[in-house]
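For reference, the structure is listed below as structure tokens.
The values are calculated or read from the model by the stated rules, or taken from the named source; none is laboratory data. Keep in mind that this is a model prediction, so the values were computed, not measured. Please note: Cβ atoms are built from the backbone with ideal geometry, for glycine as well, and neighbour counts cover all protein chains shown.
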Amino acid sequence: MHILIVEDELRLREHLRDRLRKNGYVVEVAADGEEGLYYGQQFPLDLAVIDIGLPKISGIELIRRFRSNGRHFPILILTARRNWQDKVEGLETGADDYLVKPFRFEELEARLNALLRRASGWSKPVIDCGPISLDTGKQTTTVAGDPVVLTAFEYRVLEYLMLHAGQVVSKAELTDNIYDQDYDRDSNVLEVFIGRLRRKLDPGNRINPIETLRGRGYRFRRGEC
Ligand code: CA
């Protein structure tokens, strides 16, 4: 999942970037509205976190420009406690949710997950596809009720495939959504992750949840999702 953070407070910006990257998100950061606008137009984002009080272009104006340019990714706004008007204006301009500063990272992540899920057409936190179950709130996975331990990257690959169950996801699309720009984008690495996921999810080769479509990519079996 590819997320943009537009926040002029250096410490908060870096804190959010580091925590989200550690949890497997691909993160772009911008320190002002102008930079935010650039990233929002250049990258295929899944979500943006936008502070309302920004230099150069305000958060409200930034949301207005994204929406009028046909950018429909979910937007979470960050507001200062005393400025309740910002919330209303932000939501009316096209933001999807808000968080009042200061907040705990866990709350931000829970809201991001809820927004990402809704944008993909899922409304509940647990995605069940036959025996495989993914809890996007707790970020845990079970197969036939038994917990499966996944690394952060394996989890992100699986989450992306399951959120797009039944659709063909190209290697490029998957890579864009699980790696940072500066990460080694060798597609062999992706194949290794997929191989590991298959072994963890389906050690007996019975359900084959992730199909490989030669030259096109991967598809998570829609089956009983
Ligand atoms: Ca600010």
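At-a-glance table
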{"item": "Extreme residue, farthest from Arg118 (Cα to Cα), among residues of the stretch 28-50 that are surrounded by fewer than 19 Cβ atoms within 10 Å (Cβ to Cβ) and touching a His at 6+ places or on another chain (Cβ under 7 Å)", "result": "Phe43"}
{"item": "Scan of the stretch 189-225 for residues that are small (Gly, Ala, Ser) and in contact (Cβ under 8 Å) with a residue 12 or more places away in the chain, ordered by number", "result": "Gly217, Gly223"}
{"item": "Unmet requirement for Asp97, which otherwise passes all of (1) surrounded by fewer than 14 Cβ atoms within 10 Å (Cβ to Cβ); (2) in contact with a helix residue (DSSP H, G or I) (Cβ under 8 Å, 6 or more places away or on another chain); (3) not basic (Lys, Arg)", "result": "(1)"}
{"item": "Any hit, the stretch 216-224, residues being surrounded by fewer than 14 Cβ atoms within 10 Å (Cβ to Cβ) and within 22 Å of the chain's Cα centre (by Cα)", "result": "yes"}
{"item": "Residues of the stretch 7-35 satisfying the condition of being at pLDDT below 95 and among the β-branched types (Val, Ile, Thr)", "result": "Val26"}
{"item": "Unmet criterion (only one of (1) surrounded by 13 or more Cβ atoms within 10 Å (Cβ to Cβ); (2) under 23 Å from Arg206 (Cα atoms)) for Phe153", "result": "(2)"}
